[in-house]
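The values are calculated or read from the model by the stated rules, or taken from the named source; none is laboratory data. All values reported here derive from a predicted model rather than from experimental measurement. All Cβ positions, even for glycine, are placed from backbone atoms using ideal geometry, and neighbour counts span all protein chains on display.
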Amino acid sequence: MSEGINKEHACAICGKTYQGESLVWDVVVASEKLPLAEIAGYKCENCDAVICDECSAENLKVSGWSGWEKTKCPRCGQLFGPGTVQVGGEVDSRLLESLKRDQIEFAAGKTKLIKGDFYTLLYGVIFIVLGVVLLQAEEMFFGYIMSILGVVGLIAGAASFVFKSPYVKLLEAADTFMLAVVLVAFGLTGTKMDLFELDIPPYLLYLAAAFFIWSAYDDIKEFLRINNKIQKVRKISIK
Ligand SMILES: [Zn+2]
Ligand SMILES: [Zn+2]
């Protein structure tokens, strides 16, 4: 029997045989999409050894940091991934079809990995309003800075709903990083806004800047993670 739902596989670790459909798919993406119970086993990209789901926990060391990137095959010792996920014999054929459709979408670059970012959108709107208030009060310098940050935030937030591209994350990172730079500049120069008569101690500005730098770093990490996933998914095909 060829690749199909009834194909039998023998686990390279425990020798147990199990049935499963081979879905040639990025393991990370698939494990996010599939209910865990549906995964019957995994196949090494290098030597085709199959590892049943029970043995995978102990024998496939998946790093919390780099995911499957550095996972070694217990049989051939080479890199295991991205590998093939084997979906269990009990799996609903409609689920399987929808997974295959998802894979085609991923391959076409229409990834669903980016979620619409409502907070960046909101932050963009708040900063634009703040910018307009400041400009009307003839606080031109702060007014322009806030408006620019607001517009970039609004574009990044809106783009996260429309484009579903990981580059949106870079735009978000740029916006929050600029905000951090502005806060540090305020702290160093002791600049104050006359309108609000705010006298914020510099350490609070630096604390807020540190938070925004961390947030920008997080966005860049997310960009790399998603981009990496997409690159992998584009390389593989459905059997
Ligand atoms: Zn096993
Ligand atoms: Zn192997």
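Collect the residues in the stretch 40-69 that are surrounded by fewer than 17 Cβ atoms within 10 Å (Cβ to Cβ) and modelled with pLDDT under 80, keeping them in residue-number order. I'd like the intermediate steps shown before the answer.
As a first pass, look at the stretch 40-69 and keep what is surrounded by fewer than 17 Cβ atoms within 10 Å (Cβ to Cβ): 46-48, 54, 57-58, 61, 63-66, 69.
The answer is 57, 61, 63, 64, 65, 66, 69.
Take the residues in the stretch 73-87 that are at pLDDT 85 or above and surrounded by fewer than 17 Cβ atoms within 10 Å (Cβ to Cβ); name whichever of them is nearest to ligand 1 (Cβ to nearest atom).
Looking at residues that are at pLDDT 85 or above and surrounded by fewer than 17 Cβ atoms within 10 Å (Cβ to Cβ), I get 76.
Considering only the stretch 124-154, state which residues are aromatic (Phe, Trp, Tyr) and surrounded by fewer than 16 Cβ atoms within 10 Å (Cβ to Cβ).
Our first condition is that a residue be aromatic (Phe, Trp, Tyr); within the stretch 124-154, this holds for 127, 141-142, 144.
The answer is 141, 144.
Just the residues that are touching a residue at least 12 places away in the same chain (Cβ under 8 Å), among the aliphatic types (A, V, I, L, M) and either in contact with a Pro (Cβ under 6 Å, 6 or more places away or on another chain) or surrounded by fewer than 20 Cβ atoms within 10 Å (Cβ to Cβ) (or both), please, taken from the stretch 155-166.
Within the stretch 155-166, 155, 158 qualify.
Run residue 121 past the list (1) away from ligand 1 (no atom under 16 Å from the Cβ); (2) at pLDDT below 75; (3) surrounded by 15 or more Cβ atoms within 10 Å (Cβ to Cβ) and report the number of the one that doesn't hold.
If we test residue 121 against (1) away from ligand 1 (no atom under 16 Å from the Cβ); (2) at pLDDT below 75; (3) surrounded by 15 or more Cβ atoms within 10 Å (Cβ to Cβ), just (2) comes out false.
Quick grid of which residues meet (1) at pLDDT below 90; (2) assigned by TED's automatic domain parsing to the domain that holds residue 135:
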site: 179; (1), (2): yes, yes
site: 195; (1), (2): yes, yes
site: 206; (1), (2): no, yes
site: 209; (1), (2): no, yes
site: 214; (1), (2): no, yes
site: 217; (1), (2): no, yes
site: 239; (1), (2): yes, no
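I need every pair where a residue in the stretch 57-79 that is under 21 Å from residue 226 (Cβ atoms) and assigned by TED's automatic domain parsing to the domain that holds residue 13 has its Cβ under 7 Å from the Cβ of a residue that is at pLDDT below 80 and more than 16 Å from ligand 2 (Cβ to nearest atom), sequence separation at least 6 or different chains.
67/28; 68/28; 70/63
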